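Right, one structure below, let's go through it.
A short reminder: the numbers here are calculations on the coordinates, not readings from a lab. It should be emphasised that the depicted structure is a prediction, and the values quoted were computed from it without experimental measurement. Quick reminder, even Gly has a Cβ in these numbers, built from the backbone with ideal geometry, and neighbours come from all protein chains shown.
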Amino acid sequence: MKLQEVKLLLKKYGVRPKHKLGQNFLVSEDIIRRQVEHAELSKRDVVLEIGAGIGTLTEFLIDRAKKIYVIEKDKGMLRILNDRFDGAIEIIPGDVLEIELPDFDKTVSNIPYAISSPLTFKLLKHGFKKAILTYQKEFADRLVAAPGTKDYSRLSVAAYYYADARILETLPPEVFYPSPKVNSAIVELIPKRPPFEVDEKKYFSVVAGLFSHRRKTLRNAALDSFAAIFGREYDKREQRKIVENSLPKEFLEKRVFRLTPEELAEITKRLRISFINTQK
Ligand code: SAH
């Protein structure tokens with residue numbers, strides 16, 4: 001849909017875009033077409049669209065998949081979707097973070113940016129073959145960032161663990177109505193097997209603990225986040241000893257944001273050993 005058509009449709013239904021729900025509608029058909037192409041849909045695919053809004057993207061999915069599910073929370077949007085696509089798609093009303101996801105092969109979605117992180121991990125835990133998602137540019141940068149760069153964060157480490165992620169295109173605000181204040185990016189996510197074996201729960205609490213001090217050396221970050229990393233506290237002197245003895249020596253002086261996901265896994269594994277040693 002072009003800008004004029006979007007405005008007319010909203011007017012006809014007497015609804016205004018809600019900022020709180022991230023209602024920014026794509027008004028560039030070229031970009032929508034490219035998003036759908038990136039997904040490489042086939043008639044065997046079950047497709048999920050999250051936050052379908054007034055259906056600007058949905059209309060380009062019709063007839064290109066075996067089945068299309070859309071999830072939408074807003075009542076006004078749901079009225080429009082029902083009128084436009086009744087019978088052609090399965091509409092699931094509700095909050096995507098609360099409902100149980102249907103099984104799907106691919107998702108193509110312009111998601112509400114406010115829920116980028118919990119939504120991405122909900123999708124990755126559910127499983128799929130390929131996702132083409134539009135995020136706020138800053139979020140996308142953090143998602144794909146490499147070790148040692150300014151955007152490398154907990155999010156980058158977690159994304160790397162679960163998927164291959166890359167930015168396909170950057171989008172300026174004008175391709176949406178209303179225009180958001182930020183740039184956006186189309187990202188491809190392809191889930192993969194974990195790149196190394198590690199106790200996941202432990203790994204992510206170590207990563208969270210260390211990345212609250214991402215510019216410090218591993219030694220100082222580990223001391224500052226001792227409880228998060230080791231699971232309990234000791235007196236300060238004991239904690240120092242544990243950090244010196246149980247973390248890989250060669251990483252102690254390295255800054256946290258320079259540690260690769262693999263090195264972080266190595267650190268996590270050594271901790272387990274030290275746990276057992278100190279408990280003896
Ligand atoms: N895909 C459309 C609309 C994107 S706007 C387009 O590109 O034009 C994001 C949409 O997500 C809005 O329709 C909003 O109502 C919906 N939304 C926001 N939070 C949601 C949530 N928690 N669960 C489901 N849908 C949500």
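Which of the residues belonging to the range 107-144 are within 18 Å of ILE32 (Cα to Cα), of a type in the set (S, T, N, Q), within 12 Å of the ligand (Cβ to nearest atom) and out of contact with any Gly (no Cβ under 9 Å at 6 or more places or on another chain)?
Once the filter is applied, which keeps residues that are within 18 Å of ILE32 (Cα to Cα), of a type in the set (S, T, N, Q), within 12 Å of the ligand (Cβ to nearest atom) and out of contact with any Gly (no Cβ under 9 Å at 6 or more places or on another chain), the range 107-144 yields THR107, THR134.
When you go through (1) aromatic (Phe, Trp, Tyr); (2) part of a helix (DSSP H, G or I); (3) within 16 Å of the ligand (Cβ to nearest atom) one by one for PHE104, which number turns out not to apply?
(2)
Quick grid of which residues meet (1) closer than 25 Å to TYR160 by Cβ; (2) under 23 Å from the mean Cα position of the chain (by Cα):
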position	(1), (2)
THR217	yes, no
ALA222	yes, no
ILE229	yes, no
ARG232	no, no
PRO248	yes, no
LEU252	yes, no
GLU263	yes, yes
GLU266	yes, no
ARG270	yes, no
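Specify the residue that is surrounded by the most Cβ atoms within 10 Å (Cβ to Cβ); the eligible residues are those in the range 155-178 that are among the β-branched types (Val, Ile, Thr) and assigned to a helix (DSSP H, G or I).
The selected residue is VAL157.
Residues of the range 179-207 being part of a loop (DSSP other than H, G, I, E, B) and of a type in the set (Ser, Thr, Tyr), which ones?
If the condition is that a residue be part of a loop (DSSP other than H, G, I, E, B) and of a type in the set (Ser, Thr, Tyr), then SER179 is the only one that fits.
Any chance the range 123-131 includes a residue that's touching a helix residue (DSSP H, G or I) at 6+ places or on another chain (Cβ under 9 Å), surrounded by 14 or more Cβ atoms within 10 Å (Cβ to Cβ) and not in a strand (DSSP E or B)?
So far as the range 123-131 goes, yes, one or more of its residues are touching a helix residue (DSSP H, G or I) at 6+ places or on another chain (Cβ under 9 Å), surrounded by 14 or more Cβ atoms within 10 Å (Cβ to Cβ) and not in a strand (DSSP E or B).
Going through the range 61-75 one residue at a time, which ones are outside any strand (DSSP E or B) and within 10 Å of the ligand (Cβ to nearest atom)?
Correct list: LYS73, ASP74, LYS75.
For the range 52-83, which residues satisfy the criterion of being surrounded by fewer than 24 Cβ atoms within 10 Å (Cβ to Cβ) and in contact (Cβ under 8 Å) with a residue 60 or more places away in the chain?
GLY76, ARG79, ILE80
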